[in-house]
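The values are calculated or read from the model by the stated rules, or taken from the named source; none is laboratory data. Since this is a predicted model, take the numbers as computed values, not measurements. FYI the Cβ positions are ideal-geometry reconstructions off the backbone, even for glycines, and counts take in every protein chain you see.
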Amino acid sequence: MTVKFALLGAGRIGKVHAKAVSANPNAKLVAVADAFADAANALSAQYGAEVRSISQIEAANDIDAVVICTPTDTHADLIERFSRAGKAIFCEKPIDLDSERVRTCLKVVEETGAKLMVGFNRRFDPHFMAVRAAIDDGKIGTVEMVTITSRDPGAPPVDYIKRSGGIFRDMTIHDFDMARFLLGEEVASVSAHAAVLVDPEIGEAGDFDSVTVILETAKGKQAVISNSRRATYGYDQRIEVHGSKGVVSAENQRPVSIEIANGDGYTRPPLHDFFMTRYTEAYANEIAAFISAIEKGTAISPSGTDGLIALQLADAAFESATTGKRIFPQVWRKTAV
């Protein structure tokens with residue numbers, strides 16, 4: 001079976017997904033839609049796809065699935081449209097910046113029986129998957145503490161900051177999902193500290209650029225997340241999981257993994273410069289998992305509910321950072337749609 005795809009949005013992340021879809025032997029990129037004709041034309045020409053409108057894709061009989069890479073404020077509406085159109089849906093995070101809007105959207109997904117995957121690609125990174133496999137195999141015993149470091153090489157433009165939903169909903173949301181993925185339990189409390197240390201304009205826009213979050217489960221397991229919009233040494237992505245019998249960790253990755261030793265000391269090549277190259281395999285793996293679920297009719301993960309929970313944790317972190325209080329989101333009681 002070849003799953004026939006349409007790509008909605010031909011921007012930076014759209015290009016990443018177009019590459020992943022086109023490289024998969026069980027998929028074909030049939031159509032591309034974008035509000036900017038030049039972007040749609042360039043990407044469709046690169047992969048031999050047609051340029052179509054969203055309405056044409058919605059009505060098309062030769063499209064099985066869509067990949068939504070449009071601006072965040074369009075995600076929920078598009079998910080609802082394509083759920084009703086009978087298409088399988090892969091949507092970049094978040095579904096929306098408002099949790100109640102996400103709930104409304106997920107009700108439509110449930111009512112139509114649509115397949116929906118939310119793009120938390122880091123679950124599919126080979127290194128992070130190996131960490132989870134070590135946990136599942138009992139190699140470190142019972143998980144007790146998780147440490148996640150995620151730092152961008154530089155801050156995005158302030159115009160983007162203003163519409164992104166803020167660092168917790170835009171950046172830390174990936175780490176909230178990863179924390180749940182590694183802890184194996186839902187989060188009972190959230191404590192967050194946030195500051196503006198990188199760019200004063202980010203603070204003037206009502207956001208932060210440097211945050212630390214502590215998550216705790218009902219059993220006392222803890223996850224500590226460190227985020228910064230500045231890492232002068234490259235794209236910093238590390239995790240460590242401490243358990244009752246040991247520890248497992250995933251170090252930073254480099255395009256070339258060598259080490260040079262001479263009279264000047266030990267040197268290694270720089271880190272990846274950003275997510276497009278660091279997570280190439282993760283993007284390919286998540287599209288492969290999406291295709292497999294469509295072909296086999298199996299449950300999809302990360303699901304819309306996973307997206308909702310991560311957003312709720314982001315909301316709780318923002319509340320904690322701005323009030324100085326520990327927040328008890330009781331997320332697992334709020335996920336019913």
Verdict on V247 being over 23 Å from the mean Cα position of the chain (by Cα), hydrophobic (A, V, I, L, M, F, W, C), surrounded by fewer than 21 Cβ atoms within 10 Å (Cβ to Cβ) and under 19 Å from L182 (Cα atoms): yes
Inter-residue pairs, beta-carbon under 6 Å, first touching a residue at least 12 places away in the same chain (Cβ under 8 Å) and in region 123-138, second of a type in the set (G, A, S), 6+ apart: F124/A282; D125/A282; H127/A250; F128/A250; V131/A250
Selection count where residues are more than 13 Å from L106 (Cβ to Cβ) and touching a helix residue (DSSP H, G or I) at 6+ places or on another chain (Cβ under 7 Å), scope region 311-322: 5
Evaluation of Y266 against (1) crowded, with 19+ Cβ neighbours inside 10 Å; (2) within 28 Å of S228 (Cα to Cα) (one fails), failing number: (1)
Elements of type helices (runs of 4 or more DSSP H) in region 236-330, at least 1 residues being small (G, A, S), touching a strand residue (DSSP E or B) at 6+ places or on another chain (Cβ under 7 Å) and closer than 30 Å to T142 by Cβ: 304-323
Any hit, region 277-295, residues being of a type in the set (F, W, Y), free of Cβ contacts under 8 Å to residues at least 60 places away in the same chain and either buried (at least 19 other Cβ atoms within 10 Å of the Cβ) or in the same structural domain as Q222 (by TED's automatic domain parsing) (or both): no
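Go through region 56-76 residue by residue and tally those that are more than 27 Å from the chain's Cα centre (by Cα) and of a type in the set (S, T, N, Q). Before you say what the answer is, go through the steps one by one.
So the first thing to find is which residues in region 56-76 are more than 27 Å from the chain's Cα centre (by Cα), and the list is 56, 59-62.
Okay, now just the ones that are also of a type in the set (S, T, N, Q), so 56, 61.
Adding up the residues that qualify gives 2.
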Inter-residue pairs, beta-carbon under 7 Å, first under 21 Å from D152 (Cβ atoms) and in region 243-260, second part of a strand (DSSP E or B) and among the polar types (S, T, N, Q), 6+ apart: N252/Q237
Positions within region 4-17 being within 14 Å of E286 (Cβ to Cβ) and either among the aliphatic types (A, V, I, L, M) or free of Cβ contacts under 8 Å to residues at least 24 places away in the same chain (or both), in sequence order: I13, V16
Tally, over region 165-214, of residues that are within 14 Å of the chain's Cα centre (by Cα) and either farther than 29 Å from E144 by Cα or surrounded by fewer than 16 Cβ atoms within 10 Å (Cβ to Cβ) (or both): 0
